[in-house]
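The values are calculated or read from the model by the stated rules, or taken from the named source; none is laboratory data. If you're wondering where the values come from, they're calculated on a predicted model, not measured in any experiment. Neighbour counts run over all protein chains shown; Cβ positions are idealised from the backbone, glycine included.
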Amino acid sequence: MKGTIMIKAKIQITLPLLLLLVMFTAALVTPSVSADEIKAKEAFNAGVEYKNNGDEMGAVASFKMAIKENPNYTDAYINLGTIYFGQKAYDNALEQFKLATEKDPKSVDAFSNLGKVQYVLRRYAEAEVSFKSAIAIQPTADLYKDLGKVYYKKKNYSEVIDAFGKCHEMNGGDYTTYYMVGKSQQKLGNDTKAIEALKQSIKAENNYLSHSLIGQIYLSQEKYGPAASSFKSALKVDPKQYRAAYNYAVAVETSNPENYAENIKNWEAFIKVAKNNPKAKKDVNIAQSHVDDLKDAMEKSNLQ
């Protein structure tokens, strides 16, 4: 059975530092701070309060007022875009984050959030540019992580390895980033490096995906014992994964085809896990027929 479950890379939007709610008086009006700027800050802080209290409509209205009073208020654009992003109004979020980058071309948050909404919209080439722009301003592990996810979606496997490598050098990343490095190494034909990365993924967090992919690599190398061990570990993490149950049965039977009782047990375990999954219907039917053949072979063997 071919294929693995794909990592669903999660995207988190970055909020700028929120200003404390302050009271402005006439004494605060100086030549360097205009009345409009003070009104903008008041509106922005009101928006923060509304957002913290769960009133998104009030927050949106306040951030828009802040922008009206001060069209160059970058944080207001970012917070407004963040609310739209949370509401899955991605086109509106995109517009606000683009405006934020135009108002402040040195804002890491603006470019980072722009890349994240472009990623969600599957505009990967644009997301790549945005994340690279953020990295040029201030490189961080999280930015390299987001850039690596973009490359993974684009199937640029060498770039995936490079981006996540920088992420890991900066003490960032998690089991998903090591998994994607391992998958990328496998795609490039570097099985040894793939297994190394996947073991790092398991070390970071015991996970089904990495155990299963290691098993698939061993299967392709005809190393059936290690393959069976890896699929068994995958099933310990998630016993309901029928692909691992299938591959485990294949690996065990290939390494010892005459152990009929064990092979029957493993194929029946696969059938039990997969029988209610429409995607596995064909494989279940084949496995059931195979179990019948194994039982016939075992009976004949016992008669000899």
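If LEU114 meets every condition in (1) at pLDDT 95 or above; (2) part of a helix (DSSP H, G or I); (3) more than 25 Å from LYS166 (Cβ to Cβ) apart from one, which number is that one?
Failed condition: (3).
Table: residues versus (1) of a type in the set (D, E, K, R); (2) surrounded by fewer than 22 Cβ atoms within 10 Å (Cβ to Cβ); (3) over 19 Å from ILE135 (Cα atoms); (4) over 22 Å from the mean Cα position of the chain (by Cα).
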{"residue": "LYS68", "(1), (2), (3), (4)": "yes, yes, yes, yes"}
{"residue": "TYR73", "(1), (2), (3), (4)": "no, no, yes, yes"}
{"residue": "THR82", "(1), (2), (3), (4)": "no, no, yes, no"}
{"residue": "ASP91", "(1), (2), (3), (4)": "yes, yes, yes, no"}
{"residue": "GLU95", "(1), (2), (3), (4)": "yes, yes, yes, yes"}
{"residue": "ALA100", "(1), (2), (3), (4)": "no, no, no, yes"}
{"residue": "LYS106", "(1), (2), (3), (4)": "yes, yes, no, yes"}
{"residue": "PHE111", "(1), (2), (3), (4)": "no, no, no, no"}
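Quick test for you: out of LYS153, LYS166, pick the one residue that is of a type in the set (Lys, Arg) and in contact with a Pro (Cβ under 8 Å, 6 or more places away or on another chain).
LYS166
Can you tell me which residues in the stretch 250-285 are loosely packed, with under 12 Cβ neighbours inside 10 Å and within 26 Å of LYS223 (Cβ to Cβ)?
Within the stretch 250-285, PRO257, GLU258, ALA261 qualify.
Among the candidates LYS132, LYS106, which residue alone is modelled with pLDDT of 95 or more, on the phi < 0 side of the Ramachandran plot, assigned by TED's automatic domain parsing to the domain that holds GLY47 and in a loop (DSSP other than H, G, I, E, B)?
On the way: LYS132 fails: in a loop (DSSP other than H, G, I, E, B).
After applying the criteria, what remains is LYS106.
Between PHE97, PHE85, PHE63, which is of a type outside the set (Asp, Glu), in contact with a helix residue (DSSP H, G or I) (Cβ under 8 Å, 6 or more places away or on another chain), free of Cβ contacts under 8 Å to residues at least 24 places away in the same chain and within 19 Å of GLU126 (Cα to Cα)? Full working, then the answer.
Working: PHE85 fails: free of Cβ contacts under 8 Å to residues at least 24 places away in the same chain; PHE63 fails: within 19 Å of GLU126 (Cα to Cα).
Just one listed residue meets the conditions, PHE97.
Hey, can you tell me all the residues within the stretch 260-283 that are farther than 15 Å from ALA244 by Cα and in contact (Cβ under 8 Å) with a residue 40 or more places away in the chain?
TYR260
Mind checking whether some residue in the stretch 169-177 is farther than 19 Å from LEU147 by Cα and touching a Phe, Trp or Tyr at 6+ places or on another chain (Cβ under 8 Å)? Before you say what the answer is, go through the steps one by one.
Filtering the stretch 169-177 for residues farther than 19 Å from LEU147 by Cα gives none.
Checked against the condition, which is being farther than 19 Å from LEU147 by Cα and touching a Phe, Trp or Tyr at 6+ places or on another chain (Cβ under 8 Å), the stretch 169-177 yields no hits at all.
If you check ILE286 against the conditions, is it out of contact with any helix residue (DSSP H, G or I) (no Cβ under 8 Å at 6 or more places or on another chain) and either touching a residue at least 40 places away in the same chain (Cβ under 8 Å) or outside the structural domain of LYS153 (by TED's automatic domain parsing) (or both)?
Here the answer is yes, as ILE286 does meet what is asked.
Please enumerate the residues belonging to the stretch 98-155 that are more than 25 Å from GLY182 (Cα to Cα) and of a type in the set (Ser, Thr, Tyr). Walk me through how you get there before you give the answer.
First, the residues of the stretch 98-155 that are more than 25 Å from GLY182 (Cα to Cα): 98-114, 117-118, 121, 126, 130, 133-134, 136-138.
Those that are more than 25 Å from GLY182 (Cα to Cα) and of a type in the set (Ser, Thr, Tyr): THR101, SER107, SER112, SER130, SER133.
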